[in-house]
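The values are calculated or read from the model by the stated rules, or taken from the named source; none is laboratory data. Nothing here was measured: the structure is a model prediction, and the numbers come from that model. Because the Cβ atoms are built from the backbone with ideal geometry, glycine has one as well, and the counts that use them run over all protein chains shown. Surface areas here come from the heavy atoms of the whole protein model, side chains and all, with no ligands, DNA or RNA. Shrake-Rupley method; radii C 1.70, N 1.55, O 1.52, S 1.80 Å.
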Amino acid sequence: MSTLLEAFARSWAGATPEEFDARVREWTRTVRDPRFGVPYVELVYRPMLELFDFLRAGGFRVFVCSGGGRDFVRVFAEDVWGILKENIIGSAAAYTYSGGRIVRSCELLGGLDLGPGKPEHIFAHTGRLPAFAGGNADVDIEMLRSAAFALLVRHDDDQREYAYTEGAEASLATAEQLGWTVVSMKSDWVTLF
């Protein structure tokens, strides 16, 4: 884990936010999913976007808590998901301010946003634990436990998407034990993207 933490913190050290954002935007325009042949940002789950709209209509603030790089997700969050950059929580490099500019440092800010790191990051960012949380893997168990209402998405549709229930065995068992709502992509979602 320490090697992963070090590598994550080192990636793009010294880059300004604008430089980092430009590289991510280039990636979103050029890299395509090998199976579907479209940019990854076109493979956004429609039910997820509908849920975001439903929650906003009910007066909820919507945040995304990603185990991946916060700054990477922030680049396309507003355009693709309709989520403000400041509402993205995730593993992140620390920044330093020097010589009139802000740059990514070699340090990781607050550890990885996985497992117990998720509710820790959520609380550090918002000052609250979630009223509602949705997840899809074992690294989401602690976040789902910390929420008043938990939703677990089961990626079990290998025809319209990628089935990857490996890495979710413990979360599925915990969902059954604690009575979380489990949604099957195969059985419950008419449209994926």
Problem set entry | Only one of TYR97, TYR40, TYR45 that is touching a residue at least 24 places away in the same chain (Cβ under 8 Å), open to solvent by 30 Å² or more (accessible area, probe 1.4 Å) and either hydroxyl-bearing (Ser, Thr, Tyr) or more than 28 Å from ARG154 (Cβ to Cβ) (or both) | TYR45
Seminar exercise, completed: Within the stretch 72-90, the count of residues that are modelled with pLDDT under 90 and in contact with a Leu (Cβ under 8 Å, 6 or more places away or on another chain) comes to 1
Exercise. Quick check, is THR181 among the polar types (S, T, N, Q) and in contact with a strand residue (DSSP E or B) (Cβ under 7 Å, 6 or more places away or on another chain)?
Worked result: yes
For this session: Residues being in contact with a strand residue (DSSP E or B) (Cβ under 9 Å, 6 or more places away or on another chain), among the aromatic types (Phe, Trp, Tyr) and closer than 24 Å to ASP140 by Cα: count how many of those fall in the stretch 92-126.
Result: 0
Exercise. Can you tell me how many residues in the stretch 57-71 are closer than 14 Å to ALA133 by Cα, at pLDDT 95 or above and not hydrophobic (A, V, I, L, M, F, W, C)?
Worked result: 1
Exercise. Looking at LYS85, LYS118, which is the one that is surrounded by fewer than 16 Cβ atoms within 10 Å (Cβ to Cβ) and touching a helix residue (DSSP H, G or I) at 6+ places or on another chain (Cβ under 6 Å)?
Worked result: LYS85
For this session: Specify the residue that is farthest from VAL44 (Cα to Cα); the eligible residues are those in the stretch 164-183 that are open to solvent by 50 Å² or more (accessible area, probe 1.4 Å) and in contact (Cβ under 8 Å) with a residue 12 or more places away in the chain.
Result: LEU178
For this session: Taking ASP113 as the residue in question, decide whether it is open to solvent by less than 50 Å² (accessible area, probe 1.4 Å), of a type outside the set (Gly, Ala, Ser) and modelled with pLDDT under 95.
Result: yes
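So is LEU151 free of Cβ contacts under 8 Å to residues at least 60 places away in the same chain, open to solvent by 60 Å² or more (accessible area, probe 1.4 Å) and among the aliphatic types (A, V, I, L, M) or not? Break it down into steps so the answer makes sense when it comes.
Numbers: free of Cβ contacts under 8 Å to residues at least 60 places away in the same chain: yes; open to solvent by 60 Å² or more (accessible area, probe 1.4 Å): no; among the aliphatic types (A, V, I, L, M): yes.
Criteria not met by LEU151.
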